[in-house]
1. Would you confirm whether or not segment 95-102 contains a residue that is among the charged types (D, E, K, R), in contact with a Leu (Cβ under 8 Å, 6 or more places away or on another chain), open to solvent by 80 Å² or more (accessible area, probe 1.4 Å) and closer than 23 Å to ILE41 by Cβ?
2. Given the criteria surrounded by fewer than 17 Cβ atoms within 10 Å (Cβ to Cβ), touching a Ser or Thr at 6+ places or on another chain (Cβ under 9 Å), part of a loop (DSSP other than H, G, I, E, B) and touching a residue at least 24 places away in the same chain (Cβ under 8 Å), does PRO48 qualify?
3. Only one of (1) closer than 18 Å to GLU79 by Cα; (2) open to solvent by 70 Å² or more (accessible area, probe 1.4 Å) is not met by GLN173, so which one is it?
4. Taking segment 156-191 only, how many residues are in contact (Cβ under 8 Å) with a residue 24 or more places away in the chain and either more than 27 Å from ASN114 (Cα to Cα) or part of a loop (DSSP other than H, G, I, E, B) (or both)?
5. Check off (1) closer than 25 Å to THR190 by Cβ; (2) open to solvent by 70 Å² or more (accessible area, probe 1.4 Å); (3) at pLDDT 90 or above; (4) of a type outside the set (A, V, I, L, M) for TYR150 and give me the number that stays unchecked.
6. Looking at segment 74-94, which of its residues are open to solvent by less than 80 Å² (accessible area, probe 1.4 Å) and either more than 26 Å from GLN158 (Cβ to Cβ) or among the charged types (D, E, K, R) (or both)?
Amino acid sequence: MPNPSPVGMSIEDFKAVYQGKNLARPTRYTVQIEPIAGSNIEMPIFQPETVTLPSRSLHFASEHFHGPPRRVPIGRLYENSLIMTLPLDEAQTERTVFEWWMDQVINPATDTANGGADSMRANPYHASVIVTTLDYSGDYMSHFRFLECYPQTILPVQYGFGMFNDYARLQVQFQYRSYIYESVKSNYKTPYN
């Protein structure tokens, strides 16, 4: 005879835990791209079909005096990218905006940063991108504010004769310096100077 399920391990227990929660719905979000610094161009309103929020990790140093080495956290890492998938209109409006924006970051005629030869720090053509998650009734649940954000890569767009009942999609990969996370319900906000 099999052992009875431990407390909290039956299907009924599992269902009871999740039926009492309001789980986050991946279709409830908004995206806002603030005006680009150093430009008088207002960004059009985009509602990406998908948004891939990046992960966050800690940077470690190895400390080894005696015994096994110890990994000591020494900083924050934002190594992943923010990726958005946007439906393309026939005029390629979305592609045009991001091609233009990338040309403001790196001058295509000189192949240098428009803010100077120092680095991206001097380039004024970055913006904040805000991704907000919503509950079922449309209330704000959390905000991700990506700081010093700019498009890094326009990914390949697929066209094909077999895609008769489909539409073209544009994927854009953004680079950013860091992000501020804010949870509305728990009143937590990433400390930031």
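The values are calculated or read from the model by the stated rules, or taken from the named source; none is laboratory data. This one's a predicted model, so the numbers in the text were calculated from it and none came from an experiment. Glycine also receives a Cβ, built like all others from the backbone with ideal geometry; neighbour counts cover every protein chain displayed. These area figures cover heavy atoms from the full protein model, side chains too; ligands, DNA and RNA do not enter into them. Shrake-Rupley method; radii C 1.70, N 1.55, O 1.52, S 1.80 Å.
1. Among the residues of segment 95-102, not one is among the charged types (D, E, K, R), in contact with a Leu (Cβ under 8 Å, 6 or more places away or on another chain), open to solvent by 80 Å² or more (accessible area, probe 1.4 Å) and closer than 23 Å to ILE41 by Cβ, which makes the answer no.
2. Against the criterion (surrounded by fewer than 17 Cβ atoms within 10 Å (Cβ to Cβ), touching a Ser or Thr at 6+ places or on another chain (Cβ under 9 Å), part of a loop (DSSP other than H, G, I, E, B) and touching a residue at least 24 places away in the same chain (Cβ under 8 Å)), PRO48 does not qualify.
3. (2)
4. Looking only at that region, the number is 11.
5. The one condition TYR150 does not meet is (2).
6. Scanning segment 74-94 gives GLY75, LEU77, TYR78, ASP89, GLU94.
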